[in-house]
């Protein structure tokens with residue numbers, strides 16, 4: 001065999017072998033999952049969520065540091081950190097991103113149209129343009145919803161059942177982090193019947209504004225407070241609960257720690273369960289399914305907790321029927 005024929009043969013063999021080597025390398029690649037959480041890492045609300053997410057991944061065979069790499073970022077409720085960490089995670093080009101809370105999801109939406117994003121605890125994803133529809137999300141976003149106008153209406157009804165003579169319920173939020181509440185308030189107002197409790201938007205932008213707004217609300221009398229999911233609220237949850245208690249302001253929140261810290265009631269989805277279910281969607285994306293084909297899912301487990309000690313301090317007698325409906329009563 002001539003030398004040039006040997007070289008051609010070796011070249012042809014190398015060309016045939018090279019794609020197989022690349023495929024083998026890609027097959028052995030450890031997938032990366034980016035996680036951006038809206039609140040603080042050490043909060044009692046977030047620990048069960050991340051524990052459930054990790055457990056969900058483990059049950060599906062994913063071991064962080066072995067066959068998957070999970071990168072966590074915590075924004076601690078700060079708008080600037082949401083932007084910074086979202087940009088960092090997108091630049092890493094992970095195989096899938098888990099995005100927690102509406103402001104985090106909206107930020108990713110503005111940054112990537114290709115990286116698969118599974119969201120956990122989104123509010124109004126269709127109205128905000130994050131997905132085309134719940135059943136057929138399309139694009140690179142899908143996941144699990146959290147709060148809607150119906151749940152806000154449920155909070156108002158719970159406050160009215162617990163507080164005789166209640167005429168107004170104020171929804172506390174920061175419009176810079178969760179502007180969807182403005183639309184929610186409008187929808188609840190439009191659906192209210194004559195004689196129903198009036199809803200009021202209590203929009204604040206700082207701790208000082210929040211304190212002043214709660215003091216003014218308490219002075220009005222016959223008013224209640226609703227503390228919905230918002231990174232701003234989450235990192236100030238204990239402060240809000242204690243201030244509401246000091247001001248003798250009956251309040252309901254979506255956060256369980258709120259009622260443990262002295263708030264009157266808690267009602268909302270089981271968020272740990274949502275994060276466990278989100279792990280299953282991350283698993284499906286890692287195995288090749290498209291986010292566009294995975295329907296957006298809504299909460300199917302809810303919790304209701306009443307703090308009777310707080311009720312007594314507020315001079316309220318919680319009806320037996322309301323107590324019987326609770327999953328837990330703190331005495």
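The values are calculated or read from the model by the stated rules, or taken from the named source; none is laboratory data. Please read all numbers here as calculations on a predicted model, not as lab measurements. Please note: Cβ atoms are built from the backbone with ideal geometry, for glycine as well, and neighbour counts cover all protein chains shown.
Here residue 256 clears all of (1) in the same structural domain as residue 222 (by TED's automatic domain parsing); (2) touching a helix residue (DSSP H, G or I) at 6+ places or on another chain (Cβ under 8 Å) except the condition numbered (2). When we screen 138, 165 for residues that are out of contact with any helix residue (DSSP H, G or I) (no Cβ under 7 Å at 6 or more places or on another chain) and loosely packed, with under 14 Cβ neighbours inside 10 Å, the only hit is 165. Whether any residue in segment 211-222 is assigned to a loop (DSSP other than H, G, I, E, B) and either under 24 Å from residue 107 (Cβ atoms) or in contact (Cβ under 8 Å) with a residue 12 or more places away in the chain (or both) is what I want to check. Checking segment 211-222: at least one residue is assigned to a loop (DSSP other than H, G, I, E, B) and either under 24 Å from residue 107 (Cβ atoms) or in contact (Cβ under 8 Å) with a residue 12 or more places away in the chain (or both).
Here's the yes/no breakdown for (1) farther than 16 Å from residue 122 by Cα; (2) modelled with pLDDT of 95 or more; (3) surrounded by fewer than 24 Cβ atoms within 10 Å (Cβ to Cβ):
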{"position": "230", "(1), (2), (3)": "no, no, no"}
{"position": "243", "(1), (2), (3)": "yes, yes, yes"}
{"position": "248", "(1), (2), (3)": "yes, yes, yes"}
{"position": "264", "(1), (2), (3)": "yes, yes, no"}
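Assess whether residue 295 counts as being within 29 Å of residue 186 (Cα to Cα), in the same structural domain as residue 50 (by TED's automatic domain parsing) and not in a helix (DSSP H, G or I). Answer is yes for this residue.
Considering segment 232-241 alone, what residues qualify as being surrounded by fewer than 22 Cβ atoms within 10 Å (Cβ to Cβ) and assigned to a helix (DSSP H, G or I)? Those that are surrounded by fewer than 22 Cβ atoms within 10 Å (Cβ to Cβ) and assigned to a helix (DSSP H, G or I): 238, 239.
The number of residues in segment 76-103 being under 24 Å from residue 286 (Cβ atoms) and buried (at least 17 other Cβ atoms within 10 Å of the Cβ) comes to 12. Restricted to strands (runs of 3 or more DSSP E) entirely inside segment 72-178, those with at least 2 residues that are free of Cβ contacts under 8 Å to residues at least 60 places away in the same chain and over 14 Å from residue 36 (Cα atoms) are 168-173.
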